[in-house]
Amino acid sequence: MHLDGINVEKLSDMIKHQAENTQFIVVSLRKPMIESANRTIGVTQKEKGITRVTGVKLREQ
């Protein structure tokens with residue numbers, strides 16, 4: 001969350017490269033991280049104590 005834009009992109013590229021042999025679970029609100037993911041799971045809370053989980057397919061694999 002506290003990384004600047006350039007370092008978020010560097011970290012995203014590193015994870016993407018390492019993900020060829022390893023699975024990662026990343027928690028992030030940063031756009032470059034979310035856009036580089038193969039799968040994204042969103043969790044929202046509109047009402048106190050009630051959460052909703054949604055999956056989003058961002059691109060073809």
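Which order do peptides 15-26, 33-44 fall in by mean Cβ count within 10 Å, highest first?
Numbers: 15-26: 9.7, 33-44: 13.3.
Going from most to least packed, we get 33-44, 15-26.
Determine, from the Cβ-Cβ distance of His17 and Lys46 and an R0 of 30 Å, the FRET efficiency 1/(1 + (r/R0)^6), rounded to the nearest 0.05.
Working: r = 37 Å, r/R0 = 1.22.
FRET efficiency, His17 to Lys46: 0.25.
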- Dipole of region 5-57 (Lys/Arg Cβ +1, Asp/Glu Cβ -1, origin at the Cα centre): which of Ile41, Ile6, Gln18 lies farthest to the positive side? Ile41
- Which number do you get for Rg(Cα) / (2.2 N^0.38 Å) in region 5-57? 1.32
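Bear in mind that the values in this text are calculations on the coordinates, not laboratory data. All of these numbers come straight from a predicted model, not from anything done at the bench. Ideal geometry is used to build each Cβ from the backbone, glycine not excepted, and the neighbour counts take in all protein chains shown.
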